[in-house]
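Notes for the one structure printed next.
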Amino acid sequence: MTADLLNVALVQLNPGDDKDANIAAALAAIDQAAATGARLIMLPEVWTYMGPDSGAAAVAEPVPGQLTATLAERARRHGVYLHAGSFLERAEGEPRSFNTTVVFDPAGEIIATYRKIHMFDIDLAGNESYRESATTAPGDEIVTVEIDGVRLGLTICYDLRFPELYRILALRGAEVIAVPAAFTMRTGRDHWETLLRARAIENTVYVVAPDQVGQHSGGLWCNGRTMVVDPWGTVLATAPDQPAVISATLDLAYLRRVRAQVPSLANRMPDRYVWPDAALAGSATGR
């Protein structure tokens with residue numbers, strides 16, 4: 001990388017319920033991604049296991065642990081930053097798992113962890129419901145990390161639907177925001193690209209989003225279309241509908257030019273903004 005260029009490679013996977021096979025596929029893909037000359041390699045969300053919820057707890061691992069040791073070795077071998085997408089983390093004192101991102105530096109050291117904040121809990125007509133929070137605990141920390149002088153914001157999948165998080169990351173200096181995902185086919189065909197481009201445009205950041213693809217154990221289909229979006233909202237790279245590695249160069253000088261042309265971050269009026277709950281409370285007291 002030069003001072004203003006960051007080469008990235010994103011891995012799109014189709015994991016199943018065989019953890020060992022999933023890890024082997026991911027390691028091979030990391031090797032393939034390293035061959036592109038990437039300085040930062042990224043994996044998708046929960047790639048170590050895609051199967052019934054009943055089997056999820058058994059594959060959860062502590063951080064640090066055996067899986068992070070394996071990934072750290074790959075980062076050292078290739079001399080790259082490795083964003084490990086996310087995997088299920090087992091933590092003392094919490095009966096549920098966390099959906100956790102771990103980022104390694106080229107020496108294999110853990111330099112950041114992020115636990116997915118937003119849980120997908122939904123009730124639909126006909127008594128159909130899903131509760132991610134039943135098996136996964138939400139994180140409580142907003143995280144950025146520096147990659148060769150570039151500030152990277154960390155999010156995971158469903159976080160994408162919450163623009164407040166992305167704005168906070170941008171205000172904390174993020175120039176690139178990561179969105180590892182296992183976005184479903186049902187919503188992904190209509191929402192995935194639109195949301196990624198919106199988050200990039202409104203925050204004038206690069207958005208790098210490695211997704212899972214295809215059918216998994218239990219019948220779930222993931223959208224794929226792993227994508228890199230620039231601060232203007234232009235899609236720089238997209239994966240085909242199969243396991244793949246895509247690469248792109250992020251130009252931070254271009255990002256600064258876009259921020260000068262569309263200074264929405266600089267033109268914010270935070271003293272005029274009131275959260276709805278605070279506004280309602282003020283109204284109730286007559287203020």
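The values are calculated or read from the model by the stated rules, or taken from the named source; none is laboratory data. What you see is a predicted model, and the numbers here were worked out from it, not measured in a lab. No Cβ is skipped: glycine too gets one built from the backbone with ideal geometry, and neighbour counts run over all protein chains shown.
Odds and ends about this structure:
- Single residue of region 170-221 satisfying the filter (assigned to a strand (DSSP E or B), touching a residue at least 60 places away in the same chain (Cβ under 8 Å) and among the aliphatic types (A, V, I, L, M)) that is farthest from Leu13 (Cα to Cα): Val176
- For region 112-154, taking the residues that are among the hydroxyl-bearing types (Ser, Thr, Tyr) and over 19 Å from the mean Cα position of the chain (by Cα), the one that is surrounded by the most Cβ atoms within 10 Å (Cβ to Cβ) is identified as Thr135.
- Matching residues, region 112-135, being among the hydroxyl-bearing types (Ser, Thr, Tyr) and at pLDDT 95 or above: Thr113, Tyr114
- Breaking point among (1) of a type outside the set (A, V, I, L, M, F, W, C); (2) in contact with an Asp or Glu (Cβ under 8 Å, 6 or more places away or on another chain); (3) more than 22 Å from Gln215 (Cα to Cα), for Pro64: (2)
- In region 42-75, of all residues being touching a Gly at 6+ places or on another chain (Cβ under 7 Å) and of a type in the set (A, V, I, L, M, F, W, C), the one that is nearest to Val8 (Cα to Cα) corresponds to Met42.
- The sole residue among Val143, Val208 that is among the aliphatic types (A, V, I, L, M) and touching a Phe, Trp or Tyr at 6+ places or on another chain (Cβ under 6 Å) is Val143.
- Region 246-279 - residue that is exposed (fewer than 10 other Cβ atoms within 10 Å of the Cβ) and not in a helix (DSSP H, G or I) and, of those, modelled with the lowest pLDDT: Trp275
- The set of residues in region 143-169 being in a loop (DSSP other than H, G, I, E, B), aliphatic (A, V, I, L, M) and touching a His at 6+ places or on another chain (Cβ under 9 Å) consists of Ile156 alone.
- In region 184-204, residue surrounded by the most Cβ atoms within 10 Å (Cβ to Cβ) [restricted to those that are charged (D, E, K, R) and within 16 Å of the chain's Cα centre (by Cα)]: Arg199
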